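Student: Have a look at this one before I ask anything.
Where a number appears in this text, it was derived from the coordinates with a stated rule and is not lab data. What you see is a predicted model; the values in this text were computed from it and never measured. Note: ideal-geometry Cβ built from the backbone for every residue, glycine included; neighbour counts use all protein chains shown.
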Amino acid sequence: MARRSLRDRNAAALAHEFYEPVDAPAEEAPAEPPAEPVNEVTPARATPERRPTAAPKKRPQAAPGDTDRLGIYLTPDEFNGARAAYLADWTNGGEADTFARWIAAALDTHAARTPKQRATRGGLRGRSEERTGSTRSFNIPTVTMKRMRAAITADQQAGRWPSDSAWAAEAIGIAVDAARASNGGTLPTPPERLPNRLVR
């Protein structure tokens, strides 16, 4: 192979310098923005639902103030005697501050006696041929009414057959006699209209 001349070598050097590729700088990938810190959210524990506690069922009870209406036939003497005895008992320290409570106490006391005691101390009135009295109504505690009914049933089993009015009149008559004895053998004259309630 013939040796190239200086001129040829210079031309080749220039050509090489002109055509030699130059490595381009590598493109930088766009910087990704820094990731925002993620706050880990701890899932809240589900609060167990509280079921309402069922209130204990209360048995219905009769109120202590429950009353029933009692209608009894009384003659004027029986009625006025009871009113006078009520005032005498109050004057002498009795606790019944209304006439209806005094009647209820008389019925309760009579019901607490035995059939034999009622027959001995009492005296059932017979039915009069002429009606001289009238029916009087009183609000009596329900428990007193029940005791009265039980006592009348016991009297019937013992051979006595009183009506409600006769049995109540007997109870009131005994209470009037007791009030008269406690008041020195006499009773006050009651006013035409009693006070609704007595107050000391």
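Student: Please list the three semi-axes, largest first and in whole Å, of the ellipsoid equivalent to the range 67-182, using sqrt of 5 times the eigenvalues of its alpha carbon gyration tensor.
Tutor: Each semi-axis is the square root of five times an eigenvalue, giving 20, 17, 15 Å.
Student: Karplus couplings for the range 94-99 from phi (6.51 cos²θ - 1.76 cosθ + 1.60, θ = phi - 60°), rounded to Hz, Gly and Pro as x?
Tutor: Here the 3J(HN,Hα) series is x, 9, 6, 9, 10, 5 Hz.
Student: Still on this structure, I have one more. With the crude spin-label approximation of a point 7 Å out along Cα→Cβ, what separation in nm comes out for T153 versus R200?
Tutor: It works out to 3.8 nm between the two label points.
Student: For T67, list long-range residues whose amide hydrogen, built 1.01 Å from N in the peptide plane, is under 5 Å from its own amide hydrogen.
Tutor: Residues meeting the criterion, in which the H sits 1.01 Å from N, are T142.
Student: Return the sequence-ordered ³J(HN,Hα) values of the range 161-176 in whole Hz as given by the Karplus equation 6.51 cos²θ - 1.76 cosθ + 1.60 applied to θ = phi - 60°, using x for Gly and Pro.
Tutor: Per-residue couplings from phi come out as 10, x, 7, 4, 5, 5, 5, 5, 5, 5, 4, 5, x, 5, 5, 5 Hz.
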